[in-house]
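Encoded as C-alpha cells, the structure appears first; notes follow it.
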Amino acid sequence: ADVLKLIRNKISETEKQIRIAQEEDRLMLIMFEGLVNESLSPKLKEIDIMLNETILVKERVTGYLSFNELGERVEEKDRISISKNITENRKRKEFSVLKKYSFDRRLPELFEYFTAEDIPLDKLKLEIEWYNKVRDIVFDLIFKLEAKIIAKDKAGVIHYIQEPKGHIQHKPYLHWLLANIIITEEDFTFLNMVRNSFAHNQYPQKQTMENYITTLEQNKLAAQILETYKQKIEKTLSIL
C-alpha cells in the first residue's frame, strides 16, 4: 500500500510539473507572438519584398576544355579551364537556379564561341536548344555513312579497327575514307570532331569548326555546324 501511495504521489507530482511546463510554454509563445507582431512583422514583409525584386543575377561557371590546339582530346589532368558569367534578370530568391548550368558538359567548349565575359542565359539556352535539335540528325548521318562503307568494304574497315577500347569506334571509317582518297586530312579532322563531340554530349571545338567553316556566325551555332556536316556527308555518300 505504501508503494502504491508513493507511485500515485510521484505520478501526481510528474503531472503537476508537466502542466507547469505547458503553461510556461504557452506564456512564452504568447510573448513571442507579441514581439513578432510588434517588431518583426514589418521586417519580414520587407524581406519578402526584397526577395521578390527582379535583379541582374550572375553565376560564375568554370569548365575544362577537352581538346588541344590541334583538336585532339587531352587527358583530364591537362585540360585548360575556362570561365564565364551566366546572367539573367530574375527574382532575387531564384538566384540559385543558374547553378544547375555548372554541370552541363557542353558549356566549356560552347564558352569559347563567346568573346564577352557575360553571357545572357536566353542566348545560352538558344544554343543548347539547337544543339539538342540537331544531335539526332547528326547521328542519322553517321549511321548512313558507316552502313554505306560497311556494305562496300567491311574487311577494309575492320583493318583500321584498333584493339577493343570499350566504346564504338568511328575513326576506322574515316581512316578508310582517307586511305581511299575520298576525304582530305581537313575533312577527317572536322568529321571526327563533330561526331565525337555529339557522342560525348559536348560542343565541337571552336577552332576546328572555324578552320573548316569560314562563315561561322554567332547565332544557332549547332545548326550551322550541322549544315556543313550534312553537305560533306552527302557528298561522300554520293561518291561511295
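We did not get these values from a lab; they are worked out from the coordinates using the rules stated. Being a predicted model, the structure only gives us computed values, none of them experimental. All Cβ positions, even for glycine, are placed from backbone atoms using ideal geometry, and neighbour counts span all protein chains on display.
Evaluating 6.51 cos²θ - 1.76 cosθ + 1.60 at θ = phi - 60° for every residue in segment 215-224, the Karplus couplings come out as 10, 5, 9, 7, 6, 6, 4, 4, 5, 5 Hz, glycine and proline recorded as x.
Within a Cβ distance under 13 Å of Q218, other residues only, what is the Lys/Arg minus Asp/Glu net charge? Result for the neighbourhood of Q218: -1.
From the cross-link list K84/K133; K84/K230; K123/K144; K125/K230; K99/K206; K133/K220, which pairs have alpha carbons spaced over 21 Å apart?
Numbers: K84/K133 24 Å; K84/K230 31 Å; K123/K144 32 Å; K125/K230 24 Å; K99/K206 24 Å; K133/K220 11 Å.
Check vs 21 Å cut-off fails for K84/K133; K84/K230; K123/K144; K125/K230; K99/K206.
Residues T87, T62 in ascending order of nearby Cβ atoms (within 10 Å, fewest first): T62, T87. Relative contact order of segment 55-161: 25 percent, from C-alpha pairs under 8 Å at least 6 residues apart in sequence.
May I ask for the distance between the Cα centers of segment 211-240 and segment 108-167, given as a whole number of Å? Taking the Cα centre of segment 108-167 as reference, the centre of segment 211-240 is 12 Å away.
How high is the relative contact order of segment 150-206, in percent, counting Cα pairs under 8 Å that sit 6 or more residues apart? Each step should come with its number before you reach the end.
Numbers: 30 pairs, mean separation 12.8, N = 57.
Averaging sequence separation for qualifying contacts and normalising by length gives 22 percent for segment 150-206.
Magnitude of the charge dipole for segment 131-240, about its Cα centre and with charges confined to Cβ atoms of Lys, Arg (+1) and Asp, Glu (-1), is about 260 debye.
Under 5 Å from the amide H of I183 lie the amide H atoms of L178, each residue being 5 or more positions distant or on a separate chain, with H modelled from the backbone and absent for Pro and chain starts.
Under a 5 Å amide H cut-off, with hydrogens placed 1.01 Å from N, V57 pairs with E88, N89, R90 among residues at least 5 apart or on other chains. By the beta-carbon count within 10 Å of each Cβ, the least crowded to most crowded order of S197, S66, S102, fewest first, is S102, S66, S197.
Based on the alpha-carbon gyration tensor of segment 158-240 and its eigenvalue square roots a ≥ b ≥ c, which shape applies: rounded if a/c is under 1.5, prolate if not and a/b is larger than b/c, or oblate? Taking the square roots of the gyration eigenvalues as a ≥ b ≥ c, segment 158-240 is oblate.
Proximity of backbone amide H atoms, modeled 1.01 Å from N, is registered between I119 and N85, I86, T87 at under 5 Å, excluding neighbours fewer than 5 places apart on the same chain. Fewest neighbouring Cβ atoms within 10 Å first, the residues F143, F190 line up as F143, F190.
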